[in-house]
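The values are calculated or read from the model by the stated rules, or taken from the named source; none is laboratory data. Since we're looking at a predicted model, the values are computed, not measured. FYI the Cβ positions are ideal-geometry reconstructions off the backbone, even for glycines, and counts take in every protein chain you see.
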Amino acid sequence: MKTTPFTEKHIALGAKMHEFAGYNMPIEYSGIIDEHMTVCNGVGVFDVSHMGEFWVKGPNALEFLQQVTSNNVATLPLGKAQYTCFPNEEGGIVDDLLVYHYEDEKYLLVVNAANIEKDWNWCVSHNTVGAELENSSDRMAQLAIQGPKATEVLQRLTPVNLSEIPYYAFTTGEFAGCKEVIISNTGYTGAGGFELYFYPEDGETIWNAIFEAGAPEGIKPIGLGARDTLRLEMGFCLYGNDLSDTTSPLEAGLGWITKFVDGKNFTARAILEKQKAEGITRKLVAFELVDRGIPRHGYKLVNAEGEEIGEVTSGTMSPTRKIGIGMGYVAKAYSALDSEIFIDVRGRKLKAKVVKAPFRK
């Protein structure tokens, strides 16, 4: 298994470790619920060094990104990040990702860990305009410091004024004495905070400084288990569950990152435009259980008559709401808010209703 600069720290701290995307990653430390609430109410640190990072450079960088991503990169100012996806030839999703406009003619793509090789091959094979591509995934480490107390803790370690970095914006500066750290006001928890990108050799310095600075706030390391429950409470999609090669961005509710603007001839544009004009037959919805139970990935969704109408893509017991919550694709007729649907749990029908995400306000 691959390791991150922090793998030995996770093991020394007693984390429950497991393989994820080829990496030996911490799933939990003190328990998923405790870690989840730490991020909601205080501050927690996620090792996300397993994520992939590609540089796209040169005079043809923008043209390349306009061809391979669904969102309109032409509107992305310097110092800002954009959520987007790579559509495939059939209108499905190769991956969802962030695009950072780092400098003139220079962009950073941050892709999902499980899709690094797949995404890299996709970018290389679809680079028909001669953009300069560089896979820096092994030369970049990343920590996500999340929670309402994250800014206060991190501000002690940098001369950069963090309050001047708006949501989905970033800057590059000194952090904990380390140079060229990308400080990004982004995250996957809905609890606020920053993501830091830096050279792996600076990892130990940055990790130790963060935990020392955050000690008064009760800072804790957080595993991938709580990362999943936090993102699900916010209704954020997870590739491989809620998004895949066979789900379209329109079905997934990502029409807002699918821009049919003049001059942007991205992969499968015609298919997705047709889908938008004719309407979709299924839709990703959020739901909460009325009956007691926990929805799980792969469980069937049925109507009152027991007829299959879809499938659960993500589900859990909400740590903050103490009810079963989830997301899944359903036939469009059952996608309206307050629609009654049922989760088939080993032959038992558990009643649920379609709601508007996020589950955690």
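Residue 110 satisfies every condition listed in (1) surrounded by 18 or more Cβ atoms within 10 Å (Cβ to Cβ); (2) out of contact with any Leu (no Cβ under 7 Å at 6 or more places or on another chain) except (2).
When only residues in the stretch 1-23 that are among the aliphatic types (A, V, I, L, M) and loosely packed, with under 13 Cβ neighbours inside 10 Å count, which is nearest to residue 116 (Cα to Cα)? My answer is 1. Could you check, for the stretch 113-128, whether at least one of its residues is in contact with a Gly (Cβ under 9 Å, 6 or more places away or on another chain), among the aromatic types (Phe, Trp, Tyr) and surrounded by 19 or more Cβ atoms within 10 Å (Cβ to Cβ)? No: the stretch 113-128 contains no residue that is in contact with a Gly (Cβ under 9 Å, 6 or more places away or on another chain), among the aromatic types (Phe, Trp, Tyr) and surrounded by 19 or more Cβ atoms within 10 Å (Cβ to Cβ). Within the stretch 189-203, the set of residues being part of a helix (DSSP H, G or I) and under 25 Å from residue 228 (Cα atoms) comprises 200, 203.
Taking the condition modelled with pLDDT of 95 or more, closer than 29 Å to residue 32 by Cβ, surrounded by fewer than 19 Cβ atoms within 10 Å (Cβ to Cβ) and among the hydrophobic types (A, V, I, L, M, F, W, C), does residue 294 pass? For residue 294, the condition - modelled with pLDDT of 95 or more, closer than 29 Å to residue 32 by Cβ, surrounded by fewer than 19 Cβ atoms within 10 Å (Cβ to Cβ) and among the hydrophobic types (A, V, I, L, M, F, W, C) - is met.
Taking the stretch 143-161 as the range and being within 22 Å of the chain's Cα centre (by Cα) and either surrounded by 17 or more Cβ atoms within 10 Å (Cβ to Cβ) or of a type in the set (Ser, Thr, Tyr) (or both) as the test, the residues that pass are 143, 144, 145, 146, 147, 149, 150, 151, 154.
Condition first: crowded, with 19+ Cβ neighbours inside 10 Å, among the hydrophobic types (A, V, I, L, M, F, W, C) and under 24 Å from residue 192 (Cβ atoms). Can you find one or more residues in the stretch 49-70 that meet it? Yes, that holds for at least one residue. When 209, 213, 226 are checked against the criterion of being in contact with a helix residue (DSSP H, G or I) (Cβ under 8 Å, 6 or more places away or on another chain), among the aliphatic types (A, V, I, L, M) and within 23 Å of residue 165 (Cβ to Cβ), a single residue qualifies: 213.
Just wondering, is there one or more residues in the stretch 112-127 that are small (Gly, Ala, Ser) and either closer than 22 Å to residue 236 by Cβ or within 17 Å of the chain's Cα centre (by Cα) (or both)? Yes, there is a match, as at least one residue in the stretch 112-127 is small (Gly, Ala, Ser) and either closer than 22 Å to residue 236 by Cβ or within 17 Å of the chain's Cα centre (by Cα) (or both). Checked against (1) under 18 Å from the mean Cα position of the chain (by Cα); (2) of a type outside the set (D, E, K, R); (3) surrounded by fewer than 20 Cβ atoms within 10 Å (Cβ to Cβ), residue 194 meets all criteria but (3).
Go through the stretch 230-250 and give me each residue that's outside any loop (DSSP other than H, G, I, E, B) and surrounded by fewer than 23 Cβ atoms within 10 Å (Cβ to Cβ). If the condition is that a residue be outside any loop (DSSP other than H, G, I, E, B) and surrounded by fewer than 23 Cβ atoms within 10 Å (Cβ to Cβ), then 231, 239 are the ones that fit.
Could you look through the stretch 261-290, keep only residues that are under 20 Å from the mean Cα position of the chain (by Cα) and hydrophobic (A, V, I, L, M, F, W, C), and pick out the one that is surrounded by the fewest Cβ atoms within 10 Å (Cβ to Cβ)?
Filtering the stretch 261-290 for residues under 20 Å from the mean Cα position of the chain (by Cα) gives 283-287.
Then keep just the ones that are hydrophobic (A, V, I, L, M, F, W, C); that gives 284-287.
Values: 284: 24, 285: 28, 286: 20, 287: 27.
Across the stretch 261-290, the extreme among qualifying residues is 286.
Would you check if there is a residue in the stretch 51-68 being more than 29 Å from residue 3 (Cβ to Cβ) and touching a Cys at 6+ places or on another chain (Cβ under 7 Å)?
Kept after step one, since they are more than 29 Å from residue 3 (Cβ to Cβ), are these residues of the stretch 51-68: 58-68.
In the following step, the residues that additionally are touching a Cys at 6+ places or on another chain (Cβ under 7 Å) were identified as 68.
Yes, the stretch 51-68 contains a residue that is more than 29 Å from residue 3 (Cβ to Cβ) and touching a Cys at 6+ places or on another chain (Cβ under 7 Å).
Within the stretch 251-260, the presence of a residue that is more than 30 Å from residue 66 (Cα to Cα), in contact (Cβ under 8 Å) with a residue 60 or more places away in the chain and either crowded, with 17+ Cβ neighbours inside 10 Å or in the same structural domain as residue 86 (by TED's automatic domain parsing) (or both) is excluded. Entry remark, the stretch 102-149: residues being assigned to a strand (DSSP E or B), closer than 22 Å to residue 265 by Cα and not β-branched (Val, Ile, Thr) number 6 in total.
Do we find that residue 136 is in contact with an Asp or Glu (Cβ under 6 Å, 6 or more places away or on another chain) and either free of Cβ contacts under 8 Å to residues at least 12 places away in the same chain or surrounded by fewer than 17 Cβ atoms within 10 Å (Cβ to Cβ) (or both) in this structure?
Numbers: in contact with an Asp or Glu (Cβ under 6 Å, 6 or more places away or on another chain): yes; either free of Cβ contacts under 8 Å to residues at least 12 places away in the same chain or surrounded by fewer than 17 Cβ atoms within 10 Å (Cβ to Cβ) (or both): yes.
It is true that residue 136 is in contact with an Asp or Glu (Cβ under 6 Å, 6 or more places away or on another chain) and either free of Cβ contacts under 8 Å to residues at least 12 places away in the same chain or surrounded by fewer than 17 Cβ atoms within 10 Å (Cβ to Cβ) (or both).
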